[in-house]
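J.: Sending over a structure as structure tokens; questions will come in a sec.
The values are calculated or read from the model by the stated rules, or taken from the named source; none is laboratory data. Keep in mind it's a predicted model, so treat the numbers as computed, not measured. A quick note on method: Cβ atoms are made from the backbone with ideal geometry, for glycine too, and the neighbour counts reach across all protein chains shown. Ligands, DNA and RNA are stripped out before the accessible areas are found, and what is left, the full protein with its side chains, is counted by its heavy atoms. Shrake-Rupley method; radii C 1.70, N 1.55, O 1.52, S 1.80 Å.
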Amino acid sequence: MESFIAKVPTEEIHFLLPENIRLSTKPSEIIELPISSEKKLARKRFYRLMLDQNRSIHLSYGKFSKNIYQKALSFNKAFPQLSCTPLFINEGKNATLFGQEYFDGRPIDESFDDE
């Protein structure tokens with residue numbers, strides 16, 4: 001059975017960022033993307049954090065397996081032109097925050113669900 005995540009305060013997301021990113025950003029700079037913000041309950045929550053005018057981080061908050069980061073690194077190494085670079089993963093008390101290069105798109109699992 002899948003577990004769903006209710007809306008999460010951006011302060012909670014901000015707290016899970018690596019220290020070097022957390023110290024140079026504010027919770028108010030984290031924006032939840034419409035793909036999850038329009039839902040009361042979602043399998044994953046998706047956010048964008050602008051680091052500067054040209055760089056953003058795509059944040060995914062959900063129930064990830066502990067080895068998702070290593071799998072993402074391996075996939076990115078094999079197919080850098082087809083994937084985003086994973087940046088970090090941090091486990092929270094209720095879910096995990098996974099950060100990678102920003103991409104504008106739809107989560108692959110939701111795309112397959114609609115087919």
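J.: Could you count how many residues in region 16-49 are of a type in the set (Asp, Glu) and in contact with a helix residue (DSSP H, G or I) (Cβ under 9 Å, 6 or more places away or on another chain)? Write out each step before concluding.
T.: Restricting attention to region 16-49, the residues satisfying the condition of being of a type in the set (Asp, Glu) are 19, 29, 32, 38.
If we keep only those that are in contact with a helix residue (DSSP H, G or I) (Cβ under 9 Å, 6 or more places away or on another chain) too, we end up with 29, 32.
So the answer is 2.
J.: Asn20 passes all but one of (1) in contact (Cβ under 8 Å) with a residue 24 or more places away in the chain; (2) not in a loop (DSSP other than H, G, I, E, B); which number fails?
T.: With (1) in contact (Cβ under 8 Å) with a residue 24 or more places away in the chain; (2) not in a loop (DSSP other than H, G, I, E, B) applied to Asn20, the lone miss is (1).
J.: If you don't mind, another one. Would you pick out the residues in region 24-38 that are of a type in the set (Ser, Thr, Tyr) and either open to solvent by less than 40 Å² (accessible area, probe 1.4 Å) or in a helix (DSSP H, G or I) (or both)? Can you show your working first?
T.: Pass one, region 24-38, residues of a type in the set (Ser, Thr, Tyr): 24-25, 28, 36-37.
Thr25, Ser28, Ser36, Ser37, listed by residue number.
J.: For region 1-23: of the residues being at pLDDT below 95 and farther than 16 Å from Leu97 by Cα, which is least open to solvent (accessible area, probe 1.4 Å)?
T.: If we take residues in region 1-23 being at pLDDT below 95 and farther than 16 Å from Leu97 by Cα, then Glu2 is least open to solvent (accessible area, probe 1.4 Å).
J.: Restrict the check to region 59-73 and report whether at least one residue is of a type in the set (Phe, Trp, Tyr) and either in a loop (DSSP other than H, G, I, E, B) or open to solvent by 70 Å² or more (accessible area, probe 1.4 Å) (or both). Walk me through it before giving the result.
T.: Filtering region 59-73 down to residues of a type in the set (Phe, Trp, Tyr) leaves 61, 64, 69.
Narrowing further to those that are either in a loop (DSSP other than H, G, I, E, B) or open to solvent by 70 Å² or more (accessible area, probe 1.4 Å) (or both): 64.
Yes: one or more hits.
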